[in-house]
Amino acid sequence: MTRTLTEEELIATITRLTSDRLSEYLAAEIVIPEQSEQGWVYQSIDVARLELACELHEQYDMEADALSMMISLIDQMHCLRAELREVLSAVEAQPDAVRNTLIEVIGTARFRRN
């Protein structure tokens, strides 16, 4: 079972996170806690997102809404990278002739766009 953190544990874990800042991040939906018997709880992915949000906030003085958009874009980039890895694995599993054709077609298409 995945370990969850309460708000108090979360704030103790992320030293740069304050209760007020967490409220701002919740309003901007940077994280969305889950309801449990303990109240609202946070997953490990929430900790990572909040650590990143705090770092970006302090480093670039970004507001919560801008942070939310930035983290959403980072999430999308991670998803695209995972999908690209799957495509590359599928291409690698193909016979040499198919791989060479794909490389040629992709390379040609790539240079036509520029």
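The values are calculated or read from the model by the stated rules, or taken from the named source; none is laboratory data. It should be emphasised that the depicted structure is a prediction, and the values quoted were computed from it without experimental measurement. Virtual Cβ from ideal backbone geometry, glycine too; neighbours counted across all protein chains shown. Side chains included, ligands, DNA and RNA excluded: accessible areas come from the protein's heavy atoms. Shrake-Rupley method; radii C 1.70, N 1.55, O 1.52, S 1.80 Å.
Looking only at region 49-86, which residues are charged (D, E, K, R), under 16 Å from the mean Cα position of the chain (by Cα) and open to solvent by 100 Å² or more (accessible area, probe 1.4 Å)? Matches in region 49-86: D65, R81, E83. Does D96 meet the test of being at positive phi, exposed (fewer than 10 other Cβ atoms within 10 Å of the Cβ), out of contact with any strand residue (DSSP E or B) (no Cβ under 9 Å at 6 or more places or on another chain) and charged (D, E, K, R)? The answer is no for D96. Of the residues in region 76-98, at least one is in a helix (DSSP H, G or I) and closer than 23 Å to L10 by Cβ.
If you go through region 1-48 and pick out every residue that is loosely packed, with under 15 Cβ neighbours inside 10 Å, of a type in the set (V, I, T), in a loop (DSSP other than H, G, I, E, B) and over 16 Å from the mean Cα position of the chain (by Cα), you end up with 3.
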